[in-house]
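To start, the structure itself, in structure tokens.
The values are calculated or read from the model by the stated rules, or taken from the named source; none is laboratory data. From a predicted model like this one, the values you see are computed outputs, not experimental measurements. FYI the Cβ positions are ideal-geometry reconstructions off the backbone, even for glycines, and counts take in every protein chain you see. SASA here: full protein model, heavy atoms, side chains in, ligands and nucleic acids out. Shrake-Rupley method; radii C 1.70, N 1.55, O 1.52, S 1.80 Å.
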Amino acid sequence: MESKNKPLLVITGPTASGKTRRAVDAARRLDGEIISADSRQIYRGMDIGTGKDLTEYGEVSAHLLDICPAGYKYNLYEFLRDANAAIDDVAARGKVPVVCGGTGLYVESLLKGLRLPEVPENPELRARLRGKNLEELTAILGAMKTLHNVTDVDTCQRAIRAIEIQTYYAEHPDAAAQAEPHPRENYLLIGVDIDRENRRKRISRRLHDRMAEGMVEEVERLIAQGIAPDDLIYYGLEYKYLTLYVTGKMSRDEMLTGLEIAIHQFAKRQMTWFRGMERRGFPIAWLPWDMPDEEFTDIVAELYAKAGCP
């Protein structure tokens, strides 16, 4: 439900585009609060690797950050439940809900108004799938649905969970019917546009900066706190490669090279998703990543007013 017809502002873009700073600036300008649409920033203690950058928020309130312990496996059902509750709360208090994040599945599902039933674990199915490699699991999932979301097959654990969900839908058609979308109509979707060359430079520089900030030590600390290495690998990207390095399964050079390539590939997949969203009927107003701050917020405010802000 769209609270009090308050338009929803969404600011998205690929990793390293600077979208968090842009969203915070927009929230300040419009008297808004941030709702994170990042699939990994919800975990406590996973700060450097996820690029949480909490200092960027300043006095602007942010929701869906640090709401789960590391090791937990947050899912789309929980995100839609929590994000919609936060949006309703922000709008009910007369403020502008500003969704910010680069997890395309989260952003599109939210705008699509997707409603998902909670899918319980299936121990018997998990036992049958245990031991299969990622290629085998991908083939099983591919026979059940079209693989739009490549993160479903990023790790064996993710693939097994995706198979578990699809199996549940097949066995409970009434639950699958509940997942029919109820599209939002009152929103403004802004994309932070960065060219490939600058994106690659910023990703590489940011990776080295985060290494200097203690990203390896962050993973070591999480493992020392009792988080299973496999659970960290489940989160992919930084946590996958750093965990493999920390546990001695990969050299430092292999880790840095592999991780940098993986982040570049991830950013490319993000842009593919966003372009797909446009084809699927979600208009994105792209604004340059290096636009002066005041000009950016001026344009966002103008577009937001046209979107129906009272």
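Within segment 276-298, residues that are among the charged types (D, E, K, R) sit with their Cβ atoms under 7 Å from residues that are in a loop (DSSP other than H, G, I, E, B) and surrounded by 14 or more Cβ atoms within 10 Å (Cβ to Cβ), at 6+ positions apart or across chains, in these pairs: GLU278/ILE284. Restricting GLU238, GLU254 to residues that are farther than 20 Å from LEU134 by Cα, surrounded by 13 or more Cβ atoms within 10 Å (Cβ to Cβ) and charged (D, E, K, R) narrows the list to GLU254. Among the residues in segment 3-18, are any open to solvent by 20 Å² or more (accessible area, probe 1.4 Å) and either touching a His at 6+ places or on another chain (Cβ under 8 Å) or among the aliphatic types (A, V, I, L, M) (or both)? No, every residue in segment 3-18 fails to be open to solvent by 20 Å² or more (accessible area, probe 1.4 Å) and either touching a His at 6+ places or on another chain (Cβ under 8 Å) or among the aliphatic types (A, V, I, L, M) (or both). Within segment 151-174, if we keep just the residues that are crowded, with 16+ Cβ neighbours inside 10 Å and among the hydrophobic types (A, V, I, L, M, F, W, C), the residue that is modelled with the lowest pLDDT turns out to be VAL153.
Test GLY236 against the criterion of being farther than 30 Å from LYS95 by Cα and at pLDDT 95 or above, and give yes or no. So GLY236 fails the test.
Within segment 83-99, if we keep just the residues that are open to solvent by 40 Å² or more (accessible area, probe 1.4 Å) and in a helix (DSSP H, G or I), the residue that is nearest to ILE165 (Cα to Cα) turns out to be ASN84. Of the residues in segment 76-93, at least one is in contact with a His (Cβ under 6 Å, 6 or more places away or on another chain) and either farther than 22 Å from LEU242 by Cβ or β-branched (Val, Ile, Thr) (or both). Residues of segment 259-274 include at least one that is closer than 17 Å to GLY191 by Cβ, among the aliphatic types (A, V, I, L, M) and open to solvent by less than 20 Å² (accessible area, probe 1.4 Å). Filtering segment 66-85 to residues that are within 21 Å of GLY49 (Cβ to Cβ) and more than 12 Å from the chain's Cα centre (by Cα) leaves ASP66, ILE67, CYS68, PRO69, ALA70, GLY71, TYR72, LYS73, GLU78. In segment 191-213, is there at least one residue being touching a strand residue (DSSP E or B) at 6+ places or on another chain (Cβ under 6 Å) and either aliphatic (A, V, I, L, M) or open to solvent by less than 50 Å² (accessible area, probe 1.4 Å) (or both)? Within segment 191-213 (the criterion being touching a strand residue (DSSP E or B) at 6+ places or on another chain (Cβ under 6 Å) and either aliphatic (A, V, I, L, M) or open to solvent by less than 50 Å² (accessible area, probe 1.4 Å) (or both)), the answer is yes, since at least one residue qualifies. For segment 53-80, the candidate set comprises residues that are part of a loop (DSSP other than H, G, I, E, B) and aromatic (Phe, Trp, Tyr); within that set, the residue that is most open to solvent (accessible area, probe 1.4 Å) is TYR72.
Every residue in segment 77-109 that is among the aliphatic types (A, V, I, L, M) and farther than 14 Å from LEU64 by Cα, please. Correct list: ALA91, ALA92, VAL96, LEU105. Within segment 33-52, the set of residues being open to solvent by 10 Å² or more (accessible area, probe 1.4 Å) and over 23 Å from GLY236 (Cβ atoms) comprises just one member, GLU33.
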